[in-house]
Amino acid sequence: MILDGKCPTGPLAEKWDKRRQDLKLVNPANKRKYKILVVGTGLAGASAAATLGELGYQVEAFCFQDSPRRGHSIAAQGGINAAKNYPSDGDSIFRLFYDTIKGGDFRSREANVYRLATLSNNIIDQCVAQGVPLARDYAGYLDNRSFGGAQVSRTFYARGQTGQQLLLGAYAALSRQVKAGTVRLFPRTEMLDLVLINNEAKGITIRDLVTGKISSHAADAVCLCTGGYANVFYLSTNAMGSNVTAAYRAYKKGALFANPCFTQIHPTCIPVTGDHQSKLTLMSESLRNDGRVWVPKTGADARHLKDIPEEERDYFLERKYPGFGNLAPRDIASRAAKEVCDEGRGVGPGGRGVYLDFSNAIGRLGREKIAERYGNLFEMYEKITAENAYEQPMRIYPAPHYTMGGLWVDYNLQSTIPGLFVLGEANFSDHGANRLGASALMQGLADGYFIIPSTIADYLARTVPGQASAEQPEFQKSQEQVETMAQKLLSIKGKKTANDFHRDLGRIMWENVGMARSRESLNRALKLIPELRAEFWENVRIPGSRSELNQELEKAGRVADFLDFAELMALDALHREESCGGHFRIEHQMPDGEARRDDDHFSYAAAWEFKGPDSNPELHKEPLVFENIQLATRSYK
Amino acid sequence: MDLTLFVWRQKGPADKGRLEELPAAGISPDMSFLEMLDLVNEELIRKGKEPIAFDHDCREGICGMCSQVINGIPHGPQKKTTVCQLHMRNFRDGDTIYIEPWKARAFPVIKDLIVDRSSLDRIIQSGGYVSVHTGGVPDANTVLISKEEADTAMDAAECIGCGACVAACPNGSAMLFTGAKVSHLAALPQGRIEAARRVCMMTAAMLKEGFGNCSNHYECEAVCPKGIKAKFIATLNREYIKAIPGELIKVRGKSGSD
Ligand SMILES: Cc1cc2nc3c(=O)[nH]c(=O)nc-3n(C[C@H](O)[C@H](O)[C@H](O)COP(=O)(O)OP(=O)(O)OC[C@H]3O[C@@H](n4cnc5c(N)ncnc54)[C@H](O)[C@@H]3O)c2cc1C
Ligand code: SF4
Ligand code: FES
């Protein structure tokens, strides 16, 4: 099977308009006859549910938190990109498009990325109209900053809480529709299965997380907006609840899963302090503007930091990448840090950390200037580590952060299951092998506010409304399966907690499918994961029952899916015999240690089809065709 | 560190609930408060007992999900800090710690430390937004907003909706939360047009949900993890008083024709 991304033909800049001309519309009077389920209320889900409700569809929106305002998008700090060119520094839609495609190491679709860059401008207008308090300058105009290596200032921000403010904007729009009666909210609800009728997505099976009740919702179409799966590594910068369950269960029902091995490791996170740690905290990348990264030249050093003389310090980024130095891109900086730690030169508890030293900058600019620039980050760092980063260097270490892989979708955001649409981080579409900073927020909102309302109409216009009902046997069967799985989990009554298994899985993944992978490490993972999974199904312990609020049962279900999904991720990493973006195969590097991409053989999206629990998934390829740009090597020397 | 915990255990809304004594041994000062509870929970599970149910998600102090009253203070003893960002080094070896859920009429307990805060969502649903459709809006720079106004809006908009203000207030008032939203939108030209209507709707919603009124205890400001200022309650009151005449005229004018 050759996968068709269904991109419109014609000139790049006209593709989206052309598609919108071709898409069918639903008559306004008919819209209320259609019901759409939106799973997830982060940026992608909240914006989609609000807009679809506003258009007049009946919408039901689900999330596992107690309120849609708490979707993981709330945590995004840095900002959101747009090609407004307000600072007049040479930005354009084409430049944003090009930077994004190149940043993704040429592993994304041209047409999608161009559309994203175009819509970025509408997003800023929309959010400002909603009252999102984006930063302004003294003249009252919107303020911008630069971010993630871009040479133009195209990032819009709201202090260090951009994701929060954008989500509150979408949540407000959603709340307005709740009042208008077009959207019904189902918080504290987890989707546990996708239901197909005649091979089309027509509903979901859910667990009410308060009562434990399993039930089904039928509809005319389903939108999955359930976020990323970086928590497969156990420790990540994601919220604790972020998981792969909805996407994985849709995959089991026939939706292809694309590029699962593309994960982004962020270089500047607060290091792990011990086994008790439950998550990792991101420190803004901007710190590397003034901080210098180093480790002692010779292994573990018992001396106090200040007693390590200059000539015994290894400023390894400056040494290896004299051109970019401490500002080397995320994937490069992350790998370099891991290398020095693997050599036994890491600092801090467990030797998994490198110094980010501001003493030079403080000497040059004064403590006050540094406090003005990064004060809040220094405070946050002190809260977590009890160390004063003005007095001694910060310790940082890379951490899993964002997942570029996800369910495969075409240009209309439809998965390989008709009627199942996938938005935001849950789909694979726009970031290729690496995501540039400030572009995930952009994608989530473009998908939700502007793309899905047009594309879903085309599907609905060809569908007779209200054909599915939760009484149908397909729904009953799905409920039974969900109940059986819960019953099975509860009946094991083993010795280890779900968390124990998640932690073990995380270790396997980080060591073998992490920042640098090899055939050997991936094969090791492919041996260890099934062993751990087998043990899980014999030895997990879940207290309580299924007919009540049971957080351990929730956790165990998610861990079970991570255990399955991890294998798919390793398999994908194994088959991709090249290095690109966040996927670094040590067999494929240049003599100087840089990534070696292989466009002749791997210029495609790898989409995997589930073939049953005991068979290997089947690989399908969507060739990536570049008509408007030339593929180039990324170099940062 | 070794600690003694007294944790509120309540099976469900119908259960009366009681404090249960639980030991927490081998706690590292580097742990967050929630990681300490994770550890206690793992022990409980291994012993075949029910773990303590509590809400949390981002563990970064931003989602507003975590909610525990620690030694009588919502979010615990450290200023401007959520429970998930509170670290155990703020306690001493041998300490006894009391952990309870938010207590307020408008926040019924669901289980143990988990309460139902959907009343806050309903306050927003009553009118805490700008009524703008998606698409067809003007360029973002066509409406100028002074830096001061934008900053004031942002100061108010930082509220994470955790509900600690309600839990700390002797009247169980949600006026800091509502005041923050009202002030955020009233500070911006886009939000001004509906300001009068909004403040009336949101105030009515607060009353309907069973939240009390502010009588100037300032407990809300003291516990707010985001440092939301009580002056926004004053803004709320001012907006309300400003709104009343106009809204009354509208209501009177309407009653004839409706
Ligand atoms: C610390 C941090 C900082 C970041 N900073 C930036 C930044 O500055 N700029 C930027 O562009 N990007 C940033 N990102 C990335 C960005 O925040 C995310 O990629 C983006 O917010 C994802 O949005 P989403 O709507 O796709 O998913 P999410 O916001 O993750 O929402 C997922 C939703 O799905 C629901 N859900 C999941 N599974 C189920 C289920 N089975 N049943 C029911 N509901 C379910 C959840 O309840 C939630 O509502 C950052 C990420 C992190 C972790
Ligand atoms: S005002 Fe402060 S305490 Fe109250 S909900 Fe908002 S953030 Fe929480
Ligand atoms: S868990 Fe998100 S604020 Fe504490």
Computed over chain B, protein heavy atoms only, probe 1.4 angstrom, the accessible area per residue in square angstrom equals 41 Å²
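Taking a temperature of 4 °C and a viscosity of 1.567 mPa s, what whole-number D in µm²/s does Stokes-Einstein yield for region A:235-293 with Rh from Kirkwood over alpha carbon pairs?
Values: Rh = 14.4 Å.
Once the numbers are plugged in, D ends up at 90 µm²/s.
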Beta bridges per DSSP with both ends in region B:2-102, % antiparallel, nearest 5: 75 percent
Cα convex hull volume per residue for chain B (Å³): 165 Å³
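Per residue, how many Å² of accessible area does region A:159-255 show with a 1.4 Å probe? Please list the in-between numbers first.
On the way: 2320 Å² over 97 residues.
Per-residue accessible area for region A:159-255 comes out at 24 Å².
Give, as a single signed number, the net charge of other residues whose beta carbon lies under 13 Å from the beta carbon of residue B:206, with Lys and Arg counted +1 and Asp and Glu -1.
Values: positive: B:105, B:122, B:181, B:198, B:208; negative: B:121, B:209.
My count for the surroundings of residue B:206 gives +3.
Averaged over all directions, how much area does the convex hull of the C-alpha atoms of region A:270-410 cover when projected, in nm²?
Working: hull surface 42.9 nm².
Averaged projected area of region A:270-410's Cα convex hull equals 10.7 nm².
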Based on the Cα gyration tensor of region A:196-348, what are the three equivalent ellipsoid semi-axes, each the root of five times an eigenvalue, rounded to whole Å and given largest first? 45, 18, 12
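Leaving out ligands, DNA and RNA, and with a 1.4 Å probe, what % of the accessible surface on the protein assembly as shown is carbon or sulfur? Let's see the in-between values first.
Numbers: 16520 of 32770 Å².
The value for the protein assembly as shown is 50 percent carbon and sulfur by accessible area.
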Compute accessible area for region A:237-277 by itself and then with all protein chains, 1.4 Å probe, and report residues whose area falls by 50 Å² or more. A:240, A:276
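Can you work out the FRET efficiency for the pair residue A:637 and residue A:519, with r the C-beta to C-beta distance and R0 = 22 Å, to the nearest 0.05?
Working: r = 27 Å, r/R0 = 1.24.
The formula returns an efficiency of 0.20 here.
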Could you state the number of Å between the C-alpha centres of region A:237-284 and region A:577-637? 20 Å
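When every alpha-carbon pair in region A:528-570 is counted, what percent end up more than 15 Å apart? Walk me through the numbers on the way to the answer.
On the way: 405 of 903 pairs.
When all Cα pairs of region A:528-570 are counted, 45 percent exceed 15 Å.
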Here the relative contact order (percent) of chain A, from C-alpha pairs under 8 Å and at least 6 apart, is 20 percent
Helix A:367-385 against the longest principal axis of chain A: what's the angle in degrees, Cα atoms only, rounded to the nearest 10? 60 degrees
Descending Cα extents along the principal axes, region B:134-228, whole Å: 45, 26, 21
Dividing the alpha-carbon radius of gyration of region A:530-637 by 2.2 N^0.38 Å, where N counts its residues, gives 1.52
Folded to 0 to 90 degrees: helix A:473-492 orientation relative to chain A principal axis, Cα: 40 degrees
Report the normalised scattering of region A:17-172 as log10 I(q)/I(0) at q = 0.18 Å⁻¹, calculated by the Debye formula with identical scatterers on the alpha carbons. -1.22
Quick one: of B:16/B:111; B:16/B:103; A:338/A:383; A:31/A:202; A:35/B:181; B:79/B:103, which pairs are farther than 22 Å apart, Cα to Cα? A:338/A:383; A:35/B:181
Cα-based Rg / Dmax (Å) for region A:197-254: 13.6, 40
Mind pulling the angle between the C-alpha long axis of helix A:162-180 and the longest principal axis of chain A? Nearest 10 degrees, somewhere in 0 to 90. 20 degrees
Taking the Cα-to-Cβ direction at residue A:137 and at residue A:23 and moving 7 Å from each Cα, how far apart do the two end points lie in nm? 3.5 nm
Please report the equivalent ellipsoid semi-axes of region A:117-178, computed as sqrt(5 x eigenvalue) of the Cα gyration tensor, largest first, in whole Å. 22, 13, 11
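With a 1.4 Å probe, what is the total accessible area buried between chains A and B, in Å² rounded to the nearest 100?
In total, this chain pair buries about 6400 Å².
About the Cα centre of chain A, how large is the charge dipole given +1 on each Lys and Arg Cβ and -1 on each Asp and Glu Cβ? Please answer in debye to the nearest 20.
Values: 78 positive and 77 negative charges, 221 e Å.
Its charge dipole is roughly 1060 debye.
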Straight distance only, please: which aspartates and glutamates reach the Cα of residue A:493 with their own Cα at less than 18 Å, same-chain residues fewer than 8 apart left out? A:483, A:535, A:538, A:548, A:552, A:554, B:42, B:43, B:50
Loop-only GluC sites (Glu not before Pro) in region A:266-318, please: DSSP not H, G, I, E or B, and at most 15 other Cβ atoms within 10 Å. none
Loop only per DSSP, at most 11 neighbouring Cβ atoms within 10 Å: give me the trypsin sites (Lys or Arg not before Pro) in region A:299-393, ordered by residue number. A:303
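Take the Cα pairs of region A:371-524, get the Kirkwood Rh, then feed it into Stokes-Einstein at 25 °C and 0.890 mPa s and tell me D in µm²/s. Each step should come with its number before you reach the end.
Numbers: Rh = 21.0 Å.
Calculated translational D: 117 µm²/s.
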Under the rule of at least 5 residues apart or a separate chain, name every residue whose amide H is placed under 5 Å from the amide H of residue A:262. A:405
Along its three principal axes, how long is the protein assembly as shown when you only count alpha carbons? Whole Å, largest extent first please. 84, 69, 64
Kirkwood Rh in Å, taken over all unlike Cα pairs in region A:36-128: 15.3 Å
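How many Å³ per residue does the convex hull of the Cα positions in region A:136-240 occupy?
On the way: hull volume 21.9 nm³, N = 105.
That works out to 209 Å³ per residue.
Taking only complete DSSP H runs, can you tell me which helices of chain B stretch 18 Å or more along their own long axis by Cα positions and average at least 0.0 on the Kyte-Doolittle scale? If you can, show how the numbers build up before the last one.
On the way: long enough: B:33-46 (20 Å, 0.47); B:195-208 (20 Å, 0.70); B:231-257 (39 Å, -0.20).
The answer, listed by residue number, is B:33-46, B:195-208.
Report the antiparallel proportion of the DSSP beta bridges in chain A as a percent, rounded to a multiple of 5. Spell out each step's value before the answer.
Values: 44 of 64 bridges.
Close to 70 percent.
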Residues along region A:40-86 losing 20 Å² or more of accessible surface when the other protein chains are present rather than the chain by itself (probe 1.4 Å): A:54, A:65, A:66, A:69, A:70, A:74, A:75, A:86
Whole number please: convex hull volume per residue of the Cα set in region A:1-68, in Å³? 154 Å³
Show me the trypsin sites (Lys or Arg not before Pro) within region A:516-612 that DSSP assigns to loop and that have at most 14 other Cβ atoms within 10 Å of their Cβ. A:611
Taking the alpha-carbon distance from residue A:15 and a cut-off under 25 Å, which lysines remain once sequence neighbours fewer than 8 residues away in the same chain are dropped? A:6, A:24, A:84, A:102, A:621
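The values are calculated or read from the model by the stated rules, or taken from the named source; none is laboratory data. None of the values given here were measured: they were computed from a predicted structure. Neighbour counts are summed over all protein chains in view; Cβ atoms, including those assigned to glycine, are modelled from backbone coordinates with ideal geometry. Heavy atoms of the whole protein, side chains included, go into the accessibility calculation; ligands, DNA and RNA do not. Shrake-Rupley method; radii C 1.70, N 1.55, O 1.52, S 1.80 Å.
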